[in-house]
1. Given axes a ≥ b ≥ c from the Cα gyration tensor, I'd like to know whether segment 122-200 is rounded (a/c under 1.5), prolate (a/b larger than b/c) or oblate.
2. Between LEU303, LEU155, LEU284, where does the largest GNM mean-square fluctuation fall for the chain, given springs only between Cα atoms within less than 10 Å?
3. By DSSP, what percent of the beta bridges with both residues in segment 2-284 are antiparallel, rounded to the nearest 5?
4. Need one number: convex hull volume per residue for segment 2-284, Cα atoms only, in Å³.
5. Run lengths n ≥ 4 of DSSP H only: what is the helix-derived mean residue ellipticity at 222 nm for the chain, with -39500 (n - 2.57) per run over all residues, to the nearest 500?
6. Can you pull the one-decimal nm distance between simple spin-label points at ASP195 and GLU110, each 7 Å off the Cα toward Cβ?
7. With r defined as the distance between the Cβ atoms of GLU54 and GLU89 and R0 fixed at 41 Å, what FRET efficiency is calculated, to the nearest 0.05?
8. Could you check the simple spin-label distance between ALA330 and LEU347, using points 7 Å along Cα→Cβ, in nm with one decimal?
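Since every read-out is calculated from the coordinates, none of them should be taken as a lab result. As the structure is a computational prediction, the values presented were derived from the model and not from experiment. Positions of Cβ are generated from backbone atoms using ideal geometry, with glycine treated the same way; all protein chains shown enter the neighbour counts.
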Amino acid sequence: MNITTASNREAARPNARAPDDSKAPPGFICAFRFSGAEALRLSWDEARREIVGEGPTWLHLSANDDTVESWLTGVTAMPDVAREFLNGEDKRPRVHMGSTFMYGVVADLERVAETPDADPNAQATRRATGALRFYVDKNRMVTVRAQPLQSTDRLRHAVLEGTMFRDTVDLFAGLIRALNDTFADRIDEIGDRLDDVEEGVLDGRHSNWRAELGSVRRRLVEVKRFVDPERNALTQLVTRRLDWAEPRSMETLIQAIQVLNGLAAGLEAQYERAKLLQDEIAALLSEDINRKLLWLAIMSALLMPATLVSGIFGMNVAGLPGTHDHYSFAVVMGVMAICAAVTLFLLRRLRLW
């Protein structure tokens, strides 16, 4: 797909100019109009004209701008309920379907600036989850977010790199595919950490990996908390479908949603794997404690006869034998050693050690 501007269809040439966004409000991120095999990049003024037209258009906005919010309120090409929803603050994944349109919220991971010298694990931990509100009909797709998100950034780069989209439903399917890639990368990161934990447990270093496993489980719960309701919301599009959507685009969307369902199943498997590792670590720690208690019990049993003998000969009473004999100490130590040997023999014979 060639990237051109709406005001200059010859943007494929090296000296083509970019859209003039010098007067665009801060809340305007990007806009494209799709025409055949071309993606026409729009300026703010062009986007406001094209969004009420008949061609497939994508407008991506930030919710942190009063100018954009006021403009959205006056766009008559969208239903009132959709405009109010886009300007709202709903963050729960959901999908609402009308006769000729749909709107809702999908959860996404915030885009964090990567630094070369930073710890990748710390960067992965800092990635919060944000909400992307969307509106889709036959002629337009409008997306609104509060913080930079990974999936819309992926979709924007896909458009710029020439990926072809037939219509807005196909474009929304591309958004779901980008969302799948984002969550798949996060699940793979968590899976790699689980591999490290499992290797450490198998090597007998389970006590050192308890804190890391707890961190991994928290990440799994965080992703699972958003993937599950998002999958349930988007499944409505599989069961009810969109009558106004082109059949091929609808099938593409269904395939993207099915991939998301597969990711949810993989996430559930990772969660069960983490639980099994937690149980394994608990069992190994319990075994370590039992082993130490066994050694304490054996030492107590071995020292019990010696303690009894030393207690008897330590009594300061008249008539205690051996008090004036030079060999008494050696005899007492020998009796203690014999008692310990007999105790050890009995423990072995009774298979208590």
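1. Working: a/c = 3.01, a/b = 2.13, b/c = 1.42.
Because a/c hits 1.5 or more and a/b exceeds b/c, segment 122-200 counts as prolate.
2. Maximum fluctuation in the GNM of the chain, among the listed residues, is at LEU303.
3. Details: 29 of 39 bridges.
Antiparallel bridges make up about 75 percent of those DSSP assigns within segment 2-284.
4. On the way: hull volume 40.7 nm³, N = 283.
Considering the Cα atoms of segment 2-284, their hull volume per residue is 144 Å³.
5. Values: 9 runs with 194 residues, N = 353.
Per the formula, -19000 deg cm²/dmol.
6. 2.9
7. On the way: r = 31 Å, r/R0 = 0.76.
Efficiency, from the Cβ-Cβ distance: 0.85.
8. The modelled label-to-label distance comes out at 2.8 nm.
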